Amino acid sequence: MGGSRAMTGTVSHPLLGEVEVVNNSRSVRLTARWKSGHVRLTVPNAISEKEIMHALDSMAPKLLSCKPRHASYADGHTIDCGDLRIIVTRQSHRPSEIMATPKIPVTCIEVGTSLKLDSPEVSAMISRMTCRVAEALAERLLLPRAMRLAAELDLHPAEWRIGSGRKVLGTCSSRGVITLSYMIVFLPLELRDFIVLHELAHLREMNHSPRFHALLGQYCGGKEARLRLALRTFDWPVAKH
């Protein structure tokens, strides 16, 4: 690589490793994000490798601070979600594939014997399959209890939905529609309830004012601060990026 021209390929950065460079003629600035264990940098036309390396130098601290942790898996690895156990197993009938049939209370993620479990790429594939299992079962695992919590508080959402957010785990619209991310399946029951109660509180206070937090504190028995910290520090069993 060199010179000012449209660029697509890779560059090697001393801190970030191999960086995938993707040209987008509609881009007006450089943007970077983690994808499958490496950084993907989107660049506009007519940019040099020197400019790219300079940009990566300035982006590196922030990118490293938010580098996704790759979950590691082994044969027999179990993710215990309380009402769902997801177990990583080996299978030889389709050695290059990863398969799963979502079932409660146990789902097996069947990893082909030709795939290396300690490979970042295979770990990412297992993580994605695990998320698909959680998404397929989320309505059955999450909504009955969420509805019971709402009934106990005499609150009546207009609708319940399952969403796919990985960072935003719950929302409540101005119309009273509560959406819960399927990612909540991986949380212990107390934290699942905390997210549900947070969104239920929004039915009465559509903000994060002191009145909202007082209400939420009432709903969760004065444990809001502890539960918020537990959620912030929860060790997710799948890649969350």
Residue check: is His208 surrounded by 15 or more Cβ atoms within 10 Å (Cβ to Cβ) and farther than 30 Å from Val122 by Cβ?
-> no
Taking the stated definitions as given, is Thr107 hydroxyl-bearing (Ser, Thr, Tyr), open to solvent by less than 80 Å² (accessible area, probe 1.4 Å) and touching a helix residue (DSSP H, G or I) at 6+ places or on another chain (Cβ under 6 Å)?
-> yes
May I ask you to verify whether Leu84 is in contact (Cβ under 8 Å) with a residue 60 or more places away in the chain and buried (at least 17 other Cβ atoms within 10 Å of the Cβ)?
-> yes
Just give me the residues in the range 156-168 being farther than 16 Å from Ala136 by Cα and under 19 Å from the mean Cα position of the chain (by Cα), in sequence order.
-> Lys167, Val168
Please work out if His77 is more than 23 Å from the chain's Cα centre (by Cα), open to solvent by 30 Å² or more (accessible area, probe 1.4 Å) and not hydroxyl-bearing (Ser, Thr, Tyr).
-> no
Among the residues of the range 114-121, is any open to solvent by 10 Å² or more (accessible area, probe 1.4 Å), closer than 26 Å to Asp80 by Cα and without any contact (Cβ under 8 Å) to a residue 12 or more places away in the chain?
-> yes
Taking the range 45-88 only, how many residues are under 25 Å from Tyr182 (Cα atoms) and modelled with pLDDT under 90?
-> 7
Quick one: which residue in Ala134, Ala151 is under 17 Å from Leu84 (Cβ atoms) and in a helix (DSSP H, G or I)?
-> Ala134
Inside the range 13-39, can you point out the residues that are within 23 Å of the chain's Cα centre (by Cα) and closer than 14 Å to Ile52 by Cβ?
-> Leu16, Val19, Glu20, Thr31, Ala32, Val39
Of all residues in the range 128-184 being among the acidic types (Asp, Glu) and under 23 Å from Ile79 (Cβ atoms), the one that is surrounded by the fewest Cβ atoms within 10 Å (Cβ to Cβ) = Glu139
Close pairs (8 angstrom Cβ cut-off, 6 or more residues apart or separate chains): modelled with pLDDT under 95 in the range 135-162, open to solvent by 60 Å² or more (accessible area, probe 1.4 Å) anywhere | none
Subset tally (residues that are over 20 Å from the mean Cα position of the chain (by Cα) and within 19 Å of Leu189 (Cβ to Cβ)) for the range 110-139 = 0
Name the pairs whose Cβ atoms lie under 9 Å apart, with the first residue in the range 196-208 and more than 13 Å from Leu153 (Cβ to Cβ) and assigned to a helix (DSSP H, G or I), the second open to solvent by 60 Å² or more (accessible area, probe 1.4 Å) and among the hydroxyl-bearing types (Ser, Thr, Tyr), and 6 or more positions between them or separate chains?
-> none
Within the range 49-67, can you find the residues that are open to solvent by 20 Å² or more (accessible area, probe 1.4 Å) and either more than 28 Å from Asp235 (Cα to Cα) or touching a residue at least 12 places away in the same chain (Cβ under 8 Å) (or both)?
-> Glu49, Lys50, Glu51, Met53, His54, Asp57, Ser58, Met59, Leu64, Cys66, Lys67
Counting only residues that are open to solvent by 50 Å² or more (accessible area, probe 1.4 Å) and closer than 20 Å to Thr171 by Cβ, which one in the range 211-233 is modelled with the lowest pLDDT?
-> Arg232
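The values are calculated or read from the model by the stated rules, or taken from the named source; none is laboratory data. Because the structure is a prediction, the values reported are computed rather than measured. Heads up, the Cβs are rebuilt from the backbone with ideal geometry, glycines too, and the neighbour counts pull from every protein chain shown. Ligands, DNA and RNA are excluded from the accessible area calculation, which covers all protein heavy atoms including side chains. Shrake-Rupley method; radii C 1.70, N 1.55, O 1.52, S 1.80 Å.
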